[in-house]
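Some notes on the structure that comes next.
The values are calculated or read from the model by the stated rules, or taken from the named source; none is laboratory data. In this text, all values refer to a predicted model and were calculated from it rather than measured experimentally. Neighbour counts run over all protein chains shown; Cβ positions are idealised from the backbone, glycine included. Accessible surface is based on the protein model in full, side chains and every heavy atom, while ligands, DNA and RNA are left aside. Shrake-Rupley method; radii C 1.70, N 1.55, O 1.52, S 1.80 Å.
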Amino acid sequence: MTKRQVYVDNNATTKVDERVVQEMLPYLSEYYGNPSSMHVFGGQVEKKLVEARERVAAMLNAEPTEIVFTSCGTESDNMAIHSALTSSPQKRHIITTKVEHPAVLNYCKHLSKRGYGVTFLSVDQDGMVDVDELYDSIREDTAIASIMYANNETGTILPLEKLSRIASEKGILFHTDAVQVAGKIPLDMQEIETIDMLSLSGHKFHAPKGIGILYIRRGTKFRPLLVGGHQERGRRPGTENTASIIAIGKAAELAQAALKDEATRVKALRDRLEQGLLSTIPDSRVNGHATQRTPNTLNISFKYVEGEAILLMLSEKGIAASSGSACTSGSLEPSHVLRALGVPFTFSHGSLRLSLSRFNTEDDIDYILEELPPIIRRLREISPFGRNKEEPQ
Ligand code: PLP
């Protein structure tokens, strides 16, 4: 009998939807022309790129000309900030937050080492940015505020409408990393008119890895990061990743069509998982905002245990999740996000991120609710800091 597999690490990456695979496959074999070519081989592909751009634009309620295809979310984030700084070279200040993904956070740290001023806005215990703090941080020489739409670790959704409005009123550019939002909550660029640029990544909504989007509002001054050919109207040179662009177009169409039903269904699963774990595991708490949260994300901490130990034991049961205290660098430091939220040390080390997608089922939730509580019990029994034992200082 094959081992049961439950994948709840969808904020890291998602399964490519079979309908997306079918849409892109011919463009990896039969239709291989360069879309810039004048002949029929090029024309066949160019037609599909136009369609893909229209599909992505429809998902964002934007114009097709406002969509630029990139290689990933990271590139889109870097491009937006780079463009703001090079369009107005006299402006050398950037505002971002302490909880950004490294695609923004580390790029800003890199810029800070090169003489740019960077303000990292703090967040409250729910992961919310204070709108007034943004207002107060804007200076004469501020070029751009780059503030994420929703956090990848906690799912907290930031008050983008208010934040971007302040940026607009004060005459600075506003970019948002919306990588964790596509397919989860509506994205409407006509409704929020004050977002100048927005980044997306295909592999977070059932398209393949290695394809991203940068939305650039019409009229926004733009300077490319790469210098080369005329592709993407000169905004992102390089021969197009045609099959992946076609894939992200299809994924956008599917996300758009299913958004409401899917978000409702996934949220019900997530809420059942959350309630089930909180009610059966003492000394547990949810990290992130109670209601302003992406419908698929649950970041939960268990006192007295290590996140990595939970992950290993879950993995033995075929459950793929992620630890909120990512120790990718080899250190056991809690994640910068949980630290910014002020999650107490004893909780932040035992945090777990469970992130769902359209492919999760009620059975998956039952299985996690059956397997996770005994894992925490067992780990607490062997933990030197277990309940009724001495707490670390
Ligand atoms: N921004 C956020 C919020 C993310 O979660 C991720 C991926 O984890 C990225 C940016 C980077 O996207 P990509 O992997 O496409 O570079």
Scope the range 55-79; condition more than 16 Å from the ligand (Cβ to nearest atom) and in a helix (DSSP H, G or I); matching residues: Arg55, Ala57, Ala58, Met59, Leu60, Pro64, Thr65, Glu66
Residues satisfying the stated conditions in the range 1-27, i.e. within 16 Å of the ligand (Cβ to nearest atom) and either modelled with pLDDT under 95 or more than 24 Å from the chain's Cα centre (by Cα) (or both): none
Considering residues of the range 28-75 that are open to solvent by less than 70 Å² (accessible area, probe 1.4 Å) and of a type in the set (Lys, Arg) only, the residue farthest from the chain's Cα centre (by Cα): Lys48
Given (1) under 16 Å from Ser335 (Cα atoms); (2) in contact with a Phe, Trp or Tyr (Cβ under 7 Å, 6 or more places away or on another chain), index of the condition Thr96 fails: (1)
Residue match in the range 247-254 (condition: in the same structural domain as Pro64 (by the TED database), of a type in the set (A, V, I, L, M) and touching a His at 6+ places or on another chain (Cβ under 6 Å)): yes
Candidate set from the range 81-115 (those that are among the aliphatic types (A, V, I, L, M) and either open to solvent by 40 Å² or more (accessible area, probe 1.4 Å) or closer than 27 Å to Asp126 by Cα (or both)); member that is farthest from the chain's Cα centre (by Cα): Ile94
Failed criterion for Glu262 (all others in (1) within 27 Å of Asp17 (Cα to Cα); (2) of a type in the set (D, E, K, R); (3) open to solvent by 50 Å² or more (accessible area, probe 1.4 Å) hold): (3)
Of all residues making up the range 189-201, the number that are within 19 Å of Ala80 (Cβ to Cβ) and more than 10 Å from the ligand (Cβ to nearest atom): 8
Residue list for the range 139-181, filter: open to solvent by 10 Å² or more (accessible area, probe 1.4 Å) and aromatic (Phe, Trp, Tyr): Tyr149
The one condition in (1) under 13 Å from the mean Cα position of the chain (by Cα); (2) within 13 Å of the ligand (Cβ to nearest atom) that His175 fails to fulfil: (1)
Any hit, the range 232-245, residues being polar (S, T, N, Q), open to solvent by 30 Å² or more (accessible area, probe 1.4 Å) and part of a helix (DSSP H, G or I): no
Residue within the range 202-217 that is open to solvent by 10 Å² or more (accessible area, probe 1.4 Å), more than 16 Å from the ligand (Cβ to nearest atom) and out of contact with any Gly (no Cβ under 6 Å at 6 or more places or on another chain) present: yes
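Yes/no per residue for (1) more than 20 Å from Gln180 (Cβ to Cβ); (2) among the basic types (Lys, Arg); (3) in contact with a strand residue (DSSP E or B) (Cβ under 7 Å, 6 or more places away or on another chain):
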| residue | (1), (2), (3) |
| --- | --- |
| Ser37 | yes, no, no |
| Asn61 | no, no, no |
| Thr74 | no, no, no |
| Gln90 | yes, no, no |
| Ser112 | yes, no, yes |
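Here's the yes/no breakdown for (1) away from the ligand (no atom under 16 Å from the Cβ); (2) free of Cβ contacts under 8 Å to residues at least 40 places away in the same chain; (3) of a type outside the set (Lys, Arg); (4) outside any loop (DSSP other than H, G, I, E, B):
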residue: Ile81; (1), (2), (3), (4): no, no, yes, yes
residue: Thr86; (1), (2), (3), (4): yes, no, yes, yes
residue: Lys91; (1), (2), (3), (4): yes, no, no, no
residue: Glu100; (1), (2), (3), (4): no, no, yes, no
residue: Ala103; (1), (2), (3), (4): no, no, yes, yes
residue: Leu111; (1), (2), (3), (4): yes, yes, yes, yes
residue: Leu134; (1), (2), (3), (4): yes, yes, yes, yes
residue: Glu140; (1), (2), (3), (4): yes, yes, yes, no
residue: Ser168; (1), (2), (3), (4): yes, yes, yes, yes
